[in-house]
Amino acid sequence: GNAIQIAHQRGYQYRNDGSLFEEKVYEKGVVEGPKISYHSNGVKNFVSTYVNGKRNGASFQYNNEGELVGKSQYNMGKKVGKTQWYY
């Protein structure tokens, strides 16, 4: 029979201890939209946006207390310039 393509699907990855490591959205099998990874304490670590499976726009990195520590820009998977670090 014909395979039914799931258009919109959320993907989750977990650590061995059961804590959430990463979540992302797939459109027809390709990462599309926000991709978020987490520190083991549940605080966001990396936040990026994907277009057609490629990182695009601003990506943010946070420490395990939720403070912004880094920001990078991407253009369809290629890094643009240098990472801005916040101390």
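Here, each number is a calculation from the coordinates, and none is a lab measurement. Bear in mind that the values here come from a model prediction, so they are computed numbers and not experimental data. Here the Cβ positions follow ideal geometry from the backbone for every residue, glycine too, while neighbour counts run over all protein chains shown.
Can you tell me which residue among Val80, Val31 is part of a strand (DSSP E or B) and within 11 Å of the chain's Cα centre (by Cα)?
Working: Val80 fails: within 11 Å of the chain's Cα centre (by Cα).
Only one candidate passes the filter, namely Val31.
Please go through the stretch 16-72 and pick out each residue that is of a type in the set (A, V, I, L, M, F, W, C) and either out of contact with any Lys or Arg (no Cβ under 7 Å at 6 or more places or on another chain) or under 25 Å from Trp85 (Cα atoms) (or both).
First pass over the stretch 16-72, keeping only residues of a type in the set (A, V, I, L, M, F, W, C): 20-21, 25, 30-31, 36, 43, 46-47, 51, 58, 60, 68-69.
Selection gives Leu20, Phe21, Val30, Ile36, Val43, Phe46, Val47, Val51, Ala58, Phe60, Leu68, Val69.
Go through the stretch 10-68 and give me each residue that's of a type in the set (Lys, Arg), without any contact (Cβ under 8 Å) to a residue 24 or more places away in the chain and crowded, with 17+ Cβ neighbours inside 10 Å.
The first filter runs over the stretch 10-68 and keeps only residues of a type in the set (Lys, Arg), leaving 10, 15, 24, 28, 35, 44, 54-55.
Imposing the further condition that a residue be without any contact (Cβ under 8 Å) to a residue 24 or more places away in the chain reduces the set to 10, 28, 35, 44, 54-55.
Matches in the stretch 10-68: Lys35, Arg55.
Take the stretch 69-87 and flag every residue that is hydroxyl-bearing (Ser, Thr, Tyr) and either closer than 30 Å to Lys28 by Cβ or in contact (Cβ under 8 Å) with a residue 60 or more places away in the chain (or both). Walk me through how you get there before you give the answer.
Step one: filter the stretch 69-87 for residues hydroxyl-bearing (Ser, Thr, Tyr), giving 72, 74, 83, 86-87.
Passing the criteria: Ser72, Tyr74.
Just to be sure I understand, how many residues within the stretch 55-73 are under 21 Å from Phe21 (Cβ atoms) and part of a strand (DSSP E or B)?
Taking the stretch 55-73 and keeping what is under 21 Å from Phe21 (Cβ atoms), we get 55, 59-70, 72.
After this cut, where a residue has to be part of a strand (DSSP E or B) as well, the list is 55, 59-62, 68-70, 72.
The total comes to 9.
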